[in-house]
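Taking it in order: structure first as C-alpha cells, then the write-up.
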Amino acid sequence: MTAPTSVPALVTDPAPLAPPVPDVGPVAVPRLLAGPLRVLARARWPERPGDELPAIAGFVESAFSPLVAETAERCLHARYGPPPAAGAPRTALLLASPSGDTGTADALARATAHGQRVAPLLFFQSNPNAVLGHVAARWQLDGPVLALGPGFDDERDLHERAALLIEDGDAEQVLVVTAVQGPPDHATAVLLAP
C-alpha cells in the first residue's frame with residue numbers, strides 16, 4: 001500500500017495581511033503658528049435692548065441653543081453674508097459655556113421630579129454639540145465641533161484652544177462661541193484665523 005501523496009493547495013487570492021485603508025481625503029498637516037490669531041469677524045447677543053432669539057426647529061424649552069446659533073449666525077454672516085459660507089476654509093466650531101444649558105437641565109429635572117415623560121427632543125439637545133452640528137450643517141462647515149464646560153471662559157484660554165486646532169491641522173479657522181444663560185442670557189462669537 002502506498003501513502004497518499006499530498007498536493008499543495010494553490011493559493012490564487014491570498015487574504016490581505018491588513019484591512020485596506022479607506023481614503024479619508026487630505027491628511028491634516030500640523031503647523032506652528034507664527035503669532036496670535038486674527039479676528040476675522042465678531043458678534044454678540046444681545047446687540048440692542050429688546051433683541052429676541054429666533055426659535056430653531058428641534059430645540060425646545062431652553063434658550064441656550066437658539067442663543068448659541070443666533071450668535072454664531074451673526075458672526076458668520078458678518079464674514080460670509082447669508083449661508084452657506086461659500087469658499088470658507090475648514091472651520092472648527094468651539095463652544096464654551098460656564099453655565100451650560102441650564103434651560104434643558106431644568107426641564108429634565110422638572111419632568112423627572114414629577115414622574116412625567118421626558119420629551120425626546122430634550123435628549124437630543126442636552127448635548128451641546130447638537131447646536132454646533134445645526135450651525136455647521138446650515139453653513140456647510142466641515143471642521144470639528146467641540147463643547148467645553150465650566151473653566152474655559154477666559155478669552156485668552158479659548159484663543160489658545162483655537163490655535164491648537166489650527167496647529168494640529170484640524171482646521172484653518174475656528175468659530176469660538178461663548179454662551180451664558182442668565183439672567184440675562186448673553187453670548188459672543190469670534191471667527192479666528194492665523
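The values are calculated or read from the model by the stated rules, or taken from the named source; none is laboratory data. From a predicted model like this one, the values you see are computed outputs, not experimental measurements. Cβ: placed from backbone, ideal geometry, glycine included. Neighbour counts: every protein chain shown.
Identify, by number, the condition in (1) on the phi > 0 side of the Ramachandran plot; (2) in a helix (DSSP H, G or I) that residue 151 doesn't meet.
So the condition that residue 151 fails would be (2).
Okay, residues lined up against (1) out of contact with any Phe, Trp or Tyr (no Cβ under 6 Å at 6 or more places or on another chain); (2) at positive phi; (3) of a type in the set (A, V, I, L, M):
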| site | (1), (2), (3) |
| --- | --- |
| 53 | yes, no, yes |
| 59 | yes, no, no |
| 65 | no, no, no |
| 76 | no, no, yes |
| 90 | yes, no, no |
| 101 | no, no, no |
| 106 | yes, no, no |
| 110 | yes, no, no |
| 142 | yes, no, no |
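Is one or more of the residues making up segment 162-170 of a type outside the set (Ser, Thr, Tyr) and in contact with a Phe, Trp or Tyr (Cβ under 6 Å, 6 or more places away or on another chain)?
So in segment 162-170, the residues of a type outside the set (Ser, Thr, Tyr) come out as 162-170.
Filter once more, keeping what is in contact with a Phe, Trp or Tyr (Cβ under 6 Å, 6 or more places away or on another chain): none.
Taking every residue of segment 162-170 in turn, none turns out to be of a type outside the set (Ser, Thr, Tyr) and in contact with a Phe, Trp or Tyr (Cβ under 6 Å, 6 or more places away or on another chain).
When you check residue 162 against the structure, is it of a type in the set (A, V, I, L, M, F, W, C) and part of a helix (DSSP H, G or I), yes or no? Before the answer, list the steps.
Values: of a type in the set (A, V, I, L, M, F, W, C): yes; part of a helix (DSSP H, G or I): yes.
For residue 162, the condition - of a type in the set (A, V, I, L, M, F, W, C) and part of a helix (DSSP H, G or I) - is met.
Can you say whether residue 59 is under 19 Å from residue 153 (Cβ atoms) and not aliphatic (A, V, I, L, M), as far as the supplied structure shows?
For residue 59, the condition - under 19 Å from residue 153 (Cβ atoms) and not aliphatic (A, V, I, L, M) - is not met.
Of the residues 54, 83, 120, 89, only one is in contact with a helix residue (DSSP H, G or I) (Cβ under 7 Å, 6 or more places away or on another chain), surrounded by fewer than 21 Cβ atoms within 10 Å (Cβ to Cβ) and more than 24 Å from residue 182 (Cβ to Cβ); which? Outline the logic, then answer.
Details: 54 fails: more than 24 Å from residue 182 (Cβ to Cβ); 120 fails: in contact with a helix residue (DSSP H, G or I) (Cβ under 7 Å, 6 or more places away or on another chain); 89 fails: in contact with a helix residue (DSSP H, G or I) (Cβ under 7 Å, 6 or more places away or on another chain).
Among 54, 83, 120, 89, only 83 is in contact with a helix residue (DSSP H, G or I) (Cβ under 7 Å, 6 or more places away or on another chain), surrounded by fewer than 21 Cβ atoms within 10 Å (Cβ to Cβ) and more than 24 Å from residue 182 (Cβ to Cβ).
Could you tell me which numbered condition residue 71 fails, if it satisfies all but one of (1) touching a Lys or Arg at 6+ places or on another chain (Cβ under 6 Å); (2) closer than 24 Å to residue 154 by Cβ?
(1)
Right, residue 169: on the phi > 0 side of the Ramachandran plot and at pLDDT below 80 or not?
Working: on the phi > 0 side of the Ramachandran plot: yes; at pLDDT below 80: no.
No: the conditions fail for residue 169.
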